[in-house]
Amino acid sequence: MLKSWIWLSGLVIVLDQVTKYLAETLLVMHQPVAVMPSFNLMLTYNTGAAFSFLAQAGGWQRWFFLGLGSLVSIGLVIWLTRLKPQEKWLAAALALILGGAVGNLIDRAWLGQVIDFIQLYYNRWYWPAFNIADSAIFAGAVLLVVESLGSKPANAEQSS
């Protein structure tokens, strides 16, 4: 099943890295560029994880998140290889999460931090900046939850 879905992970990685390159090249650090109401592009860096978790931890978090991200990515690859052909939505969810994880791993490995550039806000409330990799992880996680809520246990299908 991995061969059928690795393209999606690859697409996420390429889109993520290209947009991060463009953000670093075209945007000025912490200077928002209005795209539309409630949506800015703004270059920033995150040494932590989601919502800047552990961003001020002193440097060890880089290696922690590199290790954790690598283990999660390996686990996702193994999970993808074990899926049945009919588990398409689950495969898509895992491929999105894998692509996002690897996209952010590349940043951590090369830069020691993750490039973020998408900023959403409402009035004076700003969501933490994020990137394409984060979006893919979020979309994959939502798809994973929806898929798990909609799937029936094997015993329930056999007894129907």
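Odds and ends about this structure:
- The simple spin-label model puts a point 7 Å past each Cα toward its Cβ; for Phe64 and Trp110 those points are separated by 2.6 nm.
- Label sites at Tyr126 and Tyr21, each approximated as a point 7 angstrom past Cα along Cα to Cβ, lie 2.8 nm apart.
- Here the label points at Leu83 and Leu11, each 7 Å from Cα along the C-beta direction, are separated by 1.3 nm in the simple model.
- Computed extension length for Lys3-Val33: 6.9 nm, one decimal, from 0.36 nm per residue of separation with the Cα-Cα distance subtracted.
- Per-residue ³J(HN,Hα) for the range 128-138, Karplus 6.51 cos²θ - 1.76 cosθ + 1.60, θ = phi - 60°, Hz, x for Gly and Pro: x, 4, 8, 9, 5, 4, 4, 5, 5, 4, 4
All of the numbers you see were taken from the coordinates with simple rules; none came from a lab. Owing to the predicted nature of the structure, the values given are computational and were not obtained by experimental measurement. Ideal geometry is used to build each Cβ from the backbone, glycine not excepted, and the neighbour counts take in all protein chains shown.
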